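So the structure is just underneath, and the comments pick up after that.
Nothing in this text is a laboratory measurement; each read-out follows from the coordinates by a stated rule. Predicted, not measured: the structure shown is a model, and the values here were computed from it. Cβ atoms come from the backbone with ideal geometry, glycine included; neighbour counts cover every protein chain shown.
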Amino acid sequence: MVSDGPDIQEFIRRLPKAELHLHLEGTIEPETLAELSRNTDAEPLSLEAARALYHYTDFSGFLIAFKAVTRRLRGAAEYELAAYRMIEQLAAQGVVHAEVYISVGVVYFWRKVEDAADPLLFEKIFAGLERARERGERDFGVTLYWIFDAVRHFSVEEARRVFRMAARMKEAYPSIIGIGLGGDERVAASEPFREMYAEARAAGLRLTNHAGETTGPEAIWEALSVGSERLGHALSAIRDPALVEELRRRQIPLELNPSSNVRTGVCACFEEHPLRRYFDAGLLVTLNSDDPAFFGSSIENEYRLAHAAQGFGREELKRIAENSFRASFLPELVKNHWISRIEALN
């Protein structure tokens with residue numbers, strides 16, 4: 001393990017970074033959750049009870065905890081508060097751009113928005129998110145895109161609702177940049193969603209996908225076959241040399257989340273994560289925090305651990321930061337601006 005002193009920590013903080021795999025709901029700290037609970041629950045959570053919700057031992061337990069937190073996001077005010085605090089946290093770590101997943105599938109399925117008294121509830125929620133995005137850019141200089149995330153194990157029809165809502169709302173909100181499939185890959189693969197990926201592309205949406213987190217490399221091949229442009233996790237690709245070569249040849253961006261994979265039990269420890277092997281093989285890797293409040297990490301900490309646990313030096317960390325902009329959905333001029341800033345950093 002490489003020694004980790006204040007100099008490298010200060011360097012990482014100054015390094016301009018984009019975070020590309022971040023779930024809004026997963027950024028809510030227990031303190032904020034307890035505050036939200038006072039507004040949404042008949043019997044509000046204490047801080048101790050809120051902290052207890054973040055304890056789990058495997059991926060299934062994480063999904064249950066994620067649901068418990070999301071249930072307390074009831075309306076626009078709660079979402080706005082959560083989003084603004086997320087942006088504040090990102091800015092403190094040197095993040096200048098983020099592409100953030102919103103679990104729209106959770107809102108639909110667990111909340112049954114279409115059957116609720118207010119059929120426009122999600123549009124009102126999104127207006128709160130937009131207010132936070134605009135305030136965050138003004139107050140902290142952080143730009144933000146939204147990615148609507150469907151939950152693959154809720155059914156194809158539930159996902160279709162999310163994909164079509166993204167296409168419809170994108171016309172009014174250019175900040176809606178893409179769609180994605182989250183949820184439990186062990187229950188639902190990518191093939192059933194092929195048609196809606198094609199529809200989303202035709203609507204001008206960018207295409208992401210969680211693949212190879214809890215499943216084998218065949219899931220990553222399948223995600224590529226339906227048109228996914230960017231892959232979340234891709235942990236199991238290392239088991240298939242032909243797939244690694246395909247990812248390298250096509251420079252498919254990988255949204256890697258090492259601490260997330262360790263905390264959900266799909267990777268033994270940070271040292272064993274394939275980040276280093278992917279990087280050395282020439283893959284387009286990025287570092288991300290996924291659900292930082294649940295995993296006890298942050299984007300800044302992922303860079304620090306890459307240095308301490310896998311020996312990434314300053315120039316290599318700069319390359320990962322550059323990759324985060326190359327892999328982003330930002331305009332080329334903006335990408336090049338930040339890459340030039342990184343190249344000039346001492």
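Which percent of the Cα-Cα distances in segment 133-207 go past 18 Å? Provide the component values of the computation, followed by the final result.
Working: 1175 of 2775 pairs.
Counting pairs separated by more than 18 Å, the tail of P(r) holds 42 percent.
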**Message:** Let me see the P(r) profile for the chain: every Cα-Cα distance counted, bins of 20 Å, each bin given as a percent of all pairs.
**Reply:** 32, 62, 7
**Prompt:** Excluding same-chain residues fewer than 8 positions from residue 170, which lysines have a Cα within less than 16 Å of its Cα?
**Reply:** 124
**Asked** What per residue convex hull volume, in Å³, comes out for segment 197-346 when only alpha-carbon positions are used?
**Response** 118
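Can you give the charge dipole size of segment 232-341 about its Cα centre, rounded to the nearest 20 debye, using +1 on the beta carbon of Lys and Arg and -1 on the beta carbon of Asp and Glu?
Result for segment 232-341 is approximately 260 debye, rounded to the nearest 20.
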**Item:** Relative packing of 168-177, 26-35, which averages over residues the other C-beta atoms within 10 Å, highest first
**Value:** 26-35, 168-177
**Message:** In Å, what Kirkwood hydrodynamic radius results for segment 19-105 from the alpha-carbon pair distances?
**Reply:** 13.6
**Asked** When all C-alpha to C-alpha distances in segment 218-284 are sorted into bins of 5 Å, what percent of pairs does each bin hold, rounded to whole numbers?
**Response** 3, 18, 31, 25, 16, 6, 0
**Fill in**
By the mean-Cβ-within-10 Å protection proxy, highest first, 244-257, 219-232, 285-298 rank as 285-298, 219-232, 244-257
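In Å, the Kirkwood hydrodynamic radius of segment 36-173 over pairs of distinct alpha carbons?
16.2
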**Asked** Between segment 204-232 and segment 286-308, what's the alpha-carbon centroid distance in Å?
**Response** 22
**Asked** Can you give the translational diffusion coefficient of segment 151-277 in µm²/s, computed by Stokes-Einstein from the Kirkwood radius over Cα pairs at 4 °C and 1.567 mPa s?
**Response** 86
**Message:** List the aspartates and glutamates whose Cα sits under 19 Å from the Cα of residue 335, skipping any in the same chain fewer than 8 residues away.
**Reply:** 19, 99, 137, 229, 255, 315, 316, 322, 343
**Reach of residue 67 by Cα under 20 Å, taken over lysines that are not fewer than 8 positions away in the same chain** = 112
**Request:** Sum -39500 (n - 2.57) across every DSSP H segment of at least 4 residues in the chain, then divide by the residue count to get the 222 nm mean residue ellipticity, nearest 500.
**Result:** -15500 deg cm²/dmol
